[in-house]
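The values are calculated or read from the model by the stated rules, or taken from the named source; none is laboratory data. The model shown is predicted, which means the values in this text are computed figures rather than measured ones. Backbone-built Cβ (ideal geometry, glycine too); neighbour counts: all protein chains shown.
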Amino acid sequence: MQIQTIKTTAFNDQKPGTSGLRKKVKVFQQTGYLENFVQSIFDTLDVPDNATLALGGDGRYFNRQAIQIIVRMAAANGFARVLVGQAGILSTPACSHIIRKYKTFGGIVLSASHNQGGINGDFGIKYNISNGGPAPEKITDSIFDLSKKITEYKIADLPEVDVDTLGQSIFNDGKFTVEVIDAVQDYADLMQELFDFSAIKKLLSSGFKMQFDAMHAVTGPYAQEIFVNRLGASESSLMNCIPSEDFGGGHPDPNLTYAEDLVKIMFAGESSPDFGAASDGDGDRNMILGKNFFVTPSDSLAVLAANATLVPAYANGIAGVARSMPTSGAVDRVAAKLNIPCYETPTGWKFFGNLMDAGKVTLCGEESFGTSSSHVREKDGLWAVLFWLNVLAKKGMSVEQILMSHWAEFGRNVYSRHDYEAIPTDAANTVIAHIKSQFPSLPGQSFGGYKVKTCDDFSYHDSIDGSISHNQGIRILFEDGSRIVFRLSGTGTEGATIRIYLEAFDPEVKNHHLDAQVALAEMIQIALKISELKERTGRDTPTVIT
Ligand code: VG1
Ligand code: CO
C-alpha cells in the first residue's frame, strides 16, 4: 500500500458549529476541502496502534465519494480497521452505538442532519470520540486551528472499496481492513434490550394505529426492521422509508412545517392515527404527535422522565436529567418531584457527554426535537418513538390524555420557538448587539404584565471537566418565571438564523388546552419589541414556528 503526501492550501472557514462542519455540497467539492478537514481531525488525535474508526453517514449526496476518501486517509493515518455502515449509511445514534459496542477509537459521521441535501444542498462531517459522543469543544477547537495551518494531507492508494456487500476487504497484507457491517441489526437489538417489545407488539395489534415518517432519510431501514419486522406494525404505517440522496427534495426536519405529509395525516380529525412520529436526516431527532395533537419536544422530555420506570431499561429509576438552556423548564419540575438533579447545558449534544459518562444523568433533551439517554451518546429519534410507544402501551391513555394529566400534575410550561432563517449576517448581528446593549437598563422594566428580573448571555461551567463555554444565548428572565431566549444558529449554511425561544408557566388547568401561539401572544410582541427584529431585518414573520 502506497501512502501519498499531497500538498494542500488551508481554508479559513472550517470551524465546526453546533454539530460538526456543515457547508454547501459545492464547498465540500472544492479540491482538498474534505481532505484538509479530515487530516486536521486525524492530526488532532493521537491514534494508537490497531485503532478502529467507525464511518457512515445519512446517505445524502456526496456521502459515497466522501467515504472512499476517508477510508483511504484513515489507512494512511495509522488506523488498522474501518467499520462502515452498509451502503455507507449509519444513523447518528447507530454510529454512536457502533463506536461503543465495538469499542472503536472514534467515528466519523457524514451528515448535515436536518439541512436540505442534494447537489445544491448541504453536506457535513463530525468526529465522535470513543464514548460514542460528539467531540467536545477542546477537540473541535484544535481541529479548526490545525485546519487553518494545514499544508499537506496523507492518503493511501487503495482501489475503490465495496461498501455495499457485508464483510471484510483486506489490504496491505492484512494491516488494513475495511469491514462493512449491518448496523440496522445492531441498533434494533439494542432497542429490543431497552424497551418492552411484547407490550408494544400487543398495542400495535390491538387496533391502535401509528404512522411513522422517515422523511426519505436514514431511519427508513431501521424503522422497517424495528416496527414492521420485530413489532408487527403494518407496512402502511411507515412512509418515506427509502433513503434518498436529496431526501425527496424536501427538508428532512421533523417539525410542523417540514413534516407536512405526516402532519396532514395526523390532523385529519377522528380518522387520524393514534400516534405519529417522524425523524430527521441522520435519525437523531424525533417529532411526536397524537391524534390531532402536537407534543412540544420540551414536554416530551418531561413526560418521558416522569414515566421512565414504565420502560424496562429505566425501571429502577433515572439518575438525573439534563436539558439545553433554551429547552423549557418542564423537565425541571419532574426532576424536582423525583428528587433527582437537573442540569442546564448549552445547545448541542456534545455538552451532555461528560454528565452521562460520570453517571450524573440518564435522560437528556433539547427543544429542537432531540431526546435520548445514556444508552448512546447522541440524541436518538427512534429511541424516543419507542419510548413513547412503550409508555402508551403501559398507560393505556391517548397522547393527548397523557399530556393533559401531566400538565394537571406539574403545570404547563407553554413553549414555542420562532426561527428567522437566512437573514443577512450583518443584520442578525445588529439584532443581537441591540439586545445586549439593553442589558443595563432591562432589569426592572415592565412590558405589559411582564417585568424583567434579569438578563444575561448564558455561560456554562462544566462541573466534570471544569471547562467554561461563554456566549451560549441571551436570556431575558421575567419576575413570574417566563423567559425569552435569543440565539444565533450554529448549523445553518446560508446567512444567519435567529432563534427566539418563548416560555411562560401556567399552573391553571382551565388554560391548558390553549394553543401555544395564543397563550404566548404577548411574549412574542415583547420579544419583537426588545430585539427590533422586524425593523432591523425587514422580516415580518418567522420562517418556522415550532
Ligand atoms: C440546532 C439545534 C440544536 C441541535 C443542533 C444539531 O442547532 O438548535 O439543539 O443540537 O441543531 O442537531 P443550532 O445551532 O442551529 O440552533 V442535528 O439533528 O442538526 O445534528
Ligand atoms: Co440530526
Pick from the stretch 330-348 the residues that are within 16 Å of ligand 1 (Cβ to nearest atom) and surrounded by fewer than 24 Cβ atoms within 10 Å (Cβ to Cβ): which of them is modelled with the lowest pLDDT?
GLY348
If a residue must be more than 18 Å from SER328 (Cα to Cα) and in contact with a Lys or Arg (Cβ under 9 Å, 6 or more places away or on another chain), how many such residues does the stretch 512-534 contain?
2
Count of the stretch 168-187 residues which are over 15 Å from ILE89 (Cα atoms) and surrounded by fewer than 21 Cβ atoms within 10 Å (Cβ to Cβ):
9
Determine, yes or no, whether ALA315 is surrounded by fewer than 17 Cβ atoms within 10 Å (Cβ to Cβ) and touching a Ser or Thr at 6+ places or on another chain (Cβ under 6 Å).
yes
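State whether one or more residues within the stretch 176-188 are in contact (Cβ under 8 Å) with a residue 60 or more places away in the chain, closer than 30 Å to ILE468 by Cβ, in contact with a Cys (Cβ under 8 Å, 6 or more places away or on another chain) and of a type in the set (A, V, I, L, M). Outline the logic, then answer.
As a first pass, look at the stretch 176-188 and keep what is in contact (Cβ under 8 Å) with a residue 60 or more places away in the chain: 176-184, 186-187.
Of the ones still in play, those that are also closer than 30 Å to ILE468 by Cβ are none.
So far as the stretch 176-188 goes, no, none of its residues is in contact (Cβ under 8 Å) with a residue 60 or more places away in the chain, closer than 30 Å to ILE468 by Cβ, in contact with a Cys (Cβ under 8 Å, 6 or more places away or on another chain) and of a type in the set (A, V, I, L, M).
Is it the case, given these coordinates, that SER130 is touching a residue at least 24 places away in the same chain (Cβ under 8 Å), in contact with a Phe, Trp or Tyr (Cβ under 8 Å, 6 or more places away or on another chain), of a type outside the set (Asp, Glu) and closer than 20 Å to TYR187 by Cβ? Please lay out each step first, then the result.
Details: touching a residue at least 24 places away in the same chain (Cβ under 8 Å): yes; in contact with a Phe, Trp or Tyr (Cβ under 8 Å, 6 or more places away or on another chain): yes; of a type outside the set (Asp, Glu): yes; closer than 20 Å to TYR187 by Cβ: yes.
When the stated conditions are applied, SER130 passes them.
Applying the selection to the stretch 1-18, what residues are in contact with a Gly (Cβ under 6 Å, 6 or more places away or on another chain) and within 16 Å of ligand 1 (Cβ to nearest atom)? Spell out how you get there, then give the answer.
Within the stretch 1-18, the subset in contact with a Gly (Cβ under 6 Å, 6 or more places away or on another chain) is 8, 17-18.
Within the stretch 1-18, GLY17, THR18 meet the criteria.
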May I ask you to say which residue of LYS138, LYS126, LYS148 is modelled with pLDDT of 95 or more, surrounded by fewer than 17 Cβ atoms within 10 Å (Cβ to Cβ) and either closer than 28 Å to THR9 by Cβ or not basic (Lys, Arg) (or both)?
LYS148
Name every residue in the stretch 190-229 that is outside any helix (DSSP H, G or I), crowded, with 24+ Cβ neighbours inside 10 Å and not hydrophobic (A, V, I, L, M, F, W, C), in order of residue number.
ASP213, THR219
Which condition number in (1) closer than 30 Å to MET404 by Cα; (2) within 16 Å of ligand 1 (Cβ to nearest atom) is the one that HIS513 fails?
(2)
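Which residue out of PHE267, PHE227, PHE275 is more than 18 Å from ASN390 (Cβ to Cβ), away from ligand 1 (no atom under 16 Å from the Cβ) and aromatic (Phe, Trp, Tyr)? First the steps, then the outcome.
Values: PHE227 fails: more than 18 Å from ASN390 (Cβ to Cβ); PHE275 fails: more than 18 Å from ASN390 (Cβ to Cβ).
Criteria check complete, one pass: PHE267.
Filter the stretch 1-22 down to residues that are away from ligand 2 (no atom under 16 Å from the Cβ) and in a strand (DSSP E or B), then give me how many there are. If you could, list the steps in order and put the result at the bottom.
First, the residues of the stretch 1-22 that are away from ligand 2 (no atom under 16 Å from the Cβ): 1-15.
Then drop every residue that is not in a strand (DSSP E or B), which leaves 3-7.
Matching residues across the stretch 1-22 total 5.
Of LEU45, LEU55, which residue is closer than 23 Å to LYS149 by Cβ, more than 16 Å from ligand 1 (Cβ to nearest atom) and of a type outside the set (Ser, Thr, Tyr)? So that I can check it myself, show each step before the final result.
On the way: LEU55 fails: closer than 23 Å to LYS149 by Cβ.
Result of the check over LEU45, LEU55: LEU45.
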Scanning for something assigned to a strand (DSSP E or B) and among the basic types (Lys, Arg), does the stretch 272-286 turn up at least one residue?
yes
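Would you check if ILE200 is touching a Leu at 6+ places or on another chain (Cβ under 6 Å) and either of a type outside the set (Phe, Trp, Tyr) or within 16 Å of ligand 1 (Cβ to nearest atom) (or both)? Working first, answer last.
Details: touching a Leu at 6+ places or on another chain (Cβ under 6 Å): yes; either of a type outside the set (Phe, Trp, Tyr) or within 16 Å of ligand 1 (Cβ to nearest atom) (or both): yes.
Considered against the rule, which asks whether it is touching a Leu at 6+ places or on another chain (Cβ under 6 Å) and either of a type outside the set (Phe, Trp, Tyr) or within 16 Å of ligand 1 (Cβ to nearest atom) (or both), ILE200 comes out as yes.
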Residue list for the stretch 412-426, filter: small (Gly, Ala, Ser) and modelled with pLDDT of 95 or more
SER416
For the stretch 358-381, enumerate the residues that are within 16 Å of ligand 2 (Cβ to nearest atom) and assigned to a loop (DSSP other than H, G, I, E, B).
GLU367, SER368, PHE369, VAL376, ARG377, GLU378, LYS379, ASP380
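Among the listed residues LEU355, LEU301, which satisfies the condition of being touching a Cys at 6+ places or on another chain (Cβ under 9 Å), assigned to a helix (DSSP H, G or I) and surrounded by fewer than 24 Cβ atoms within 10 Å (Cβ to Cβ)? Before you say what the answer is, go through the steps one by one.
Details: LEU301 fails: surrounded by fewer than 24 Cβ atoms within 10 Å (Cβ to Cβ).
When all the criteria are applied, what remains is LEU355.
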Regarding SER373, is this residue modelled with pLDDT of 95 or more, under 30 Å from SER96 (Cα atoms) and out of contact with any helix residue (DSSP H, G or I) (no Cβ under 6 Å at 6 or more places or on another chain)?
yes
Do any residues in the stretch 456-469 that are farther than 19 Å from VAL361 by Cα and assigned by TED's automatic domain parsing to the domain that holds ARG483 have Cβ atoms under 8 Å from those of residues that are in a loop (DSSP other than H, G, I, E, B) and among the hydroxyl-bearing types (Ser, Thr, Tyr), where the two are at least six apart or on different chains, and which pairs are they?
ILE468/SER459; SER469/SER459
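If a residue has to be in a loop (DSSP other than H, G, I, E, B) and in contact with a Gly (Cβ under 6 Å, 6 or more places away or on another chain) to count, how many in the stretch 101-129 make the cut?
5
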Filter the stretch 92-117 for residues that are closer than 12 Å to ALA54 by Cβ and within 13 Å of ligand 2 (Cβ to nearest atom); which is surrounded by the most Cβ atoms within 10 Å (Cβ to Cβ)?
CYS95
